[in-house]
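What follows is a single structure, written as structure tokens, with notes after it.
Computed from the coordinates by the stated procedures, all read-outs in this text should not be read as laboratory data. Only a predicted model underlies this, so the values are computations on that prediction, with no experimental measurement involved. No Cβ is skipped: glycine too gets one built from the backbone with ideal geometry, and neighbour counts run over all protein chains shown.
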Amino acid sequence: MLGGDSHDVVIPFDGRRSPVAAAIQRGVCRALRMLGHSVVTELPLANGRRADVVALTGAGDVLIVEIKSCLLDYQSDGKWHDYLPYCDRLYFAVTADFPCEIIPEQAGLILADRYGAEMMREACEERLNAARRKAMMLAFARAAALRLQLHLDPGCNFEI
């Protein structure tokens, strides 16, 4: 194969998240995939925010998971409300030592580590309207396709 084995491709750590947040993200993604969901991380939203994890269920539901690596991370970041218009359900993913009682009741709660995650509380459902659902599915599909292309052709130069 020209250019080496594609299994050797490593997408570098981008520095946007702490090692704890990266471990939570890995565990959450593993757990969501085990539930049969498709997952994309760091998905840009139309409002300029970037969702930590977006999952698409087999039924077409859009889930967003906001990762909080510690109490200070949660307290200094109030943007979670900005994710609500872009998902059917919103979850917070935290480590087992996080003070979970401060997570808003309408949001779901996931406890995670680098090996997996467990759903502790289901999120309240607020269904997306058809136009927003279509836009989210297109953004999800585009990001997934571009990332697959980057994996297959690491030399290509484009933004996701």
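Couple of notes before you dig in:
- Peptides 53-64, 33-44 ranked from most to least packed by the mean count of surrounding Cβ atoms within 10 Å: 53-64, 33-44.
- Helix 130-152 and the long axis of the chain differ in direction by around 40°, with both axes built from C-alpha atoms.
- For the chain, adding -39500 (n - 2.57) for each run of n ≥ 4 DSSP H residues and dividing by the number of residues yields -9000 deg cm²/dmol at 222 nm.
- Full extension of the chain segment joining Met34 with Ser18 gains 3.3 nm, where the gain is 0.36 nm per residue of separation less the Cα-Cα distance.
- Point-charge dipole on Cβ atoms (K/R +1, D/E -1) for the range 15-152, about Cα centre, debye to 20: 700
- Residue among Ala46, Ile110, Leu84 farthest towards the positive dipole end of the chain, charges placed on Cβ: Ala46
- A Cα-only calculation for the chain places Rg and Dmax at 16.0, 54 Å.
- Computed from Cα atoms, the angle from the helix 19-34 axis to the main principal axis of the chain rounds to 90 degrees.
- The simple Förster model, with R0 at 45 Å and r as the Cβ-Cβ distance, assigns Ala141 and Arg121 a FRET efficiency of 0.95.
- Highest-fluctuation residue, Ala107, Ala31, Ala131 considered, GNM on the chain with Cα pairs under 10 Å: Ala131
- Peptides 111-123, 85-97 ordered by average Cβ neighbours within 10 Å, highest first: 85-97, 111-123
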